[in-house]
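A short write-up of the structure that comes next.
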């Protein structure tokens, strides 16, 4: 019986038992930071014990303590892996019961050097309780209890029980950093040693990672993202055992969180759909936050694999202009015109203060009439102008804020058109001043706007001022290019996409390898009806430039010329980088690279007998390589062959070279390395001793010189021949190069 059929029978058994097949890798890591905090006379609420020898979890007279510990798990878990069988290992000092809580991601950054009881998450500290009173936790910052353990006795290191809640908390992490609070249970009194104690301390986080997640993941848009295109198509990676999926979408977190197929609550957007994309029905609302969830449905027994609730916020109706250049007819030394566009006097609630150096004020002896002008980086479709008038403490007496004004606009800074005569409301002179109104600019197209002062509110001196000005616009240019501007490593089959301008009915695309030609519109122009363009097959390792002009003949301007973007294609095409193989049935390395198992004449074996089946230490790139064991003591050759699901064209995109990287340990007995492409053998021309050189070597094959049809490659074989050749060859990063 073959390895494949053995594993298949095991998998069938596991499915019958309704269990998952896991290939796991153990991990064990020390804290990046640990600390003991107190609210007692010895460690007061304004101090901590960051470099002490113990972490105390104590709630007894004169000792009111909790402790925190953090870990970097960013390199522990690979794509698609989850945490399993997780526990802590503690070096003891004083036995006692300890409750472990996870610190929520929103406040975990507070667990860092300098932390005190007064600044810590998870404890009551606003206001700080009386000294030496019972420890009281703030559960708004914490998970439920993940684990309860008894601290070991002095000089003893012991592991806690494993905790599924602890594993789930780690699996839910999104930033590679986790923090835990260790708190006393009741009137407990426990101490464990800190990482400062070296080998005799440090709370070790340990367990396994592996397996396949069953819930949907990798949402696009990313969770909690902003400024999302209103016609967005949602996409995700489905869970491993998902056959069809239920998609929930709505504006209420509560509804999306609790809805199910039997109780849809008006947010079940798609029931038992095929595919991992969803295009919302109807147009999403500008500025609205949406919540969504994807539940997988198992085709065998109907099990629902509930997904997490994600969110995104749609692009706003109007945007606030950035990068404005302000000039004026004159200004006082500390009251320059740029103060009106740099936000220097605004707080987070867009209320302006009374500090005069955060505003503009014309000079006492400056030329008249006074004016202030705003220049944008290009022409925009302007919708509004929000003005905070001059707001000094004495504005109610002196009245130097502009009262009557003429507002003009221009496309070029030379030819001006009067928009309106306006009266600006008088500022309050208070430190929380809000703008009274937004001047409607009516969608005019302009690159310059000027405010000409006709009078001020005091009429005492000929000085005029403003505090802040913001311009609101609608986007009319193509934006958000995909590939991103200056992006590298782009697939040579890329489809170019962008967010269209709000007014566009068609799109003119300029594309080529000459930046100046694209900028000057001398490249061929393609007209697209959708916001995407297929440039056709591209060359590897080549930089391309492109520009999208948005067109609407019924509007003025009728063309909005976009910026020039660029991207560079990948330096190679991966034939196999060996990263996609897992230890789960159906995706094991030896199921793709077929070796000599049960073929007496073929002495090869791909992968190891036990998981992990791929090599995780001797690698050229990424996380794993393919171990190819060869034994020609009784066999005549040793080779492994991959058959591609679809024939590959090894002439496209300027491909000229096939590169294969291999590593041979020093103990190998050498033979002749070879490849076969569609059965045509190519011998390695380098020294035979390269197979035991104990360093990575690149074998480059000049494909055109082979004289064979490379437009339909279906099989690739790697082998070693030669009587008596034995050992292991590690294969990695098989690539097509220009």
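The values are calculated or read from the model by the stated rules, or taken from the named source; none is laboratory data. If you're wondering where the values come from, they're calculated on a predicted model, not measured in any experiment. Backbone-built Cβ (ideal geometry, glycine too); neighbour counts: all protein chains shown.
Under the condition of being surrounded by fewer than 17 Cβ atoms within 10 Å (Cβ to Cβ) and out of contact with any helix residue (DSSP H, G or I) (no Cβ under 8 Å at 6 or more places or on another chain), which residue from the stretch 426-436 is farthest from residue 346 (Cα to Cα)?
The selected residue is 436.
From the list 296, 302, 307, the one residue that fits, being part of a strand (DSSP E or B) and either over 30 Å from residue 397 (Cα atoms) or assigned by TED's automatic domain parsing to the domain that holds residue 261 (or both), is 296.
Quick grid of which residues meet (1) out of contact with any helix residue (DSSP H, G or I) (no Cβ under 7 Å at 6 or more places or on another chain); (2) part of a loop (DSSP other than H, G, I, E, B); (3) not assigned by TED's automatic domain parsing to the domain that holds residue 501:
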{"residue": "333", "(1), (2), (3)": "yes, yes, yes"}
{"residue": "338", "(1), (2), (3)": "yes, no, yes"}
{"residue": "383", "(1), (2), (3)": "yes, no, yes"}
{"residue": "392", "(1), (2), (3)": "no, yes, yes"}
{"residue": "406", "(1), (2), (3)": "yes, no, yes"}
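The residues on offer are 469, 449, 509, and the sole one that is surrounded by 16 or more Cβ atoms within 10 Å (Cβ to Cβ), in a strand (DSSP E or B), under 35 Å from the mean Cα position of the chain (by Cα) and in the same structural domain as residue 387 (by TED's automatic domain parsing) is 469.
Within the set 621, 603, 607, the sole residue that is surrounded by 19 or more Cβ atoms within 10 Å (Cβ to Cβ) and out of contact with any helix residue (DSSP H, G or I) (no Cβ under 8 Å at 6 or more places or on another chain) turns out to be 603. Residues that are in contact with a helix residue (DSSP H, G or I) (Cβ under 7 Å, 6 or more places away or on another chain) and without any contact (Cβ under 8 Å) to a residue 40 or more places away in the chain were ranked within the stretch 68-109; the one that is nearest to residue 164 (Cα to Cα) is 104. What do you reckon, is residue 423 within 30 Å of residue 340 (Cα to Cα) and in contact with a helix residue (DSSP H, G or I) (Cβ under 9 Å, 6 or more places away or on another chain)? Spelling it out, it is not the case that residue 423 is within 30 Å of residue 340 (Cα to Cα) and in contact with a helix residue (DSSP H, G or I) (Cβ under 9 Å, 6 or more places away or on another chain).
Where strands (runs of 3 or more DSSP E) fall entirely within the stretch 38-133, those with at least 1 residues that are in the same structural domain as residue 205 (by TED's automatic domain parsing) and within 30 Å of residue 584 (Cβ to Cβ) are at 63-72, 82-94, 96-103.
To keep it simple, each residue is scored yes or no on (1) under 30 Å from residue 627 (Cα atoms); (2) at pLDDT 95 or above; (3) outside any loop (DSSP other than H, G, I, E, B); (4) touching a helix residue (DSSP H, G or I) at 6+ places or on another chain (Cβ under 7 Å).
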residue: 553; (1), (2), (3), (4): no, yes, no, no
residue: 557; (1), (2), (3), (4): no, yes, no, no
residue: 563; (1), (2), (3), (4): no, yes, no, no
residue: 567; (1), (2), (3), (4): no, yes, yes, no
residue: 575; (1), (2), (3), (4): yes, yes, yes, no
residue: 581; (1), (2), (3), (4): yes, no, no, yes
residue: 587; (1), (2), (3), (4): yes, no, no, no
residue: 590; (1), (2), (3), (4): yes, yes, yes, yes
residue: 598; (1), (2), (3), (4): yes, no, no, no
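Residues in the stretch 624-641 that are under 33 Å from the mean Cα position of the chain (by Cα) and not in a loop (DSSP other than H, G, I, E, B) were compared, and the one that is surrounded by the most Cβ atoms within 10 Å (Cβ to Cβ) is 625.
Within the stretch 519-530, is even one residue within 30 Å of the chain's Cα centre (by Cα) and either at pLDDT 95 or above or crowded, with 17+ Cβ neighbours inside 10 Å (or both)?
Yes, the stretch 519-530 contains a residue that is within 30 Å of the chain's Cα centre (by Cα) and either at pLDDT 95 or above or crowded, with 17+ Cβ neighbours inside 10 Å (or both).
Considering the stretch 255-280, and only residues there that are in contact with a strand residue (DSSP E or B) (Cβ under 7 Å, 6 or more places away or on another chain) and closer than 15 Å to residue 231 by Cα, the residue that is surrounded by the most Cβ atoms within 10 Å (Cβ to Cβ) turns out to be 278.
Scanning the stretch 302-319 for residues that are over 25 Å from the mean Cα position of the chain (by Cα) and over 17 Å from residue 230 (Cβ atoms) turns up 302, 303, 304. Could you list, in sequence order, the residues of the stretch 142-198 that are over 19 Å from residue 97 (Cα atoms), in a strand (DSSP E or B) and out of contact with any helix residue (DSSP H, G or I) (no Cβ under 6 Å at 6 or more places or on another chain)? Residues satisfying the conditions are 177, 178. In the stretch 699-731, which residue that is in a strand (DSSP E or B) and without any contact (Cβ under 8 Å) to a residue 60 or more places away in the chain is surrounded by the fewest Cβ atoms within 10 Å (Cβ to Cβ)? Ranking the candidates gives 702 first.
If you check residue 644 against the conditions, is it within 28 Å of residue 608 (Cβ to Cβ), within 39 Å of the chain's Cα centre (by Cα) and in the same structural domain as residue 592 (by TED's automatic domain parsing)? Spelling it out, residue 644 is indeed within 28 Å of residue 608 (Cβ to Cβ), within 39 Å of the chain's Cα centre (by Cα) and in the same structural domain as residue 592 (by TED's automatic domain parsing).
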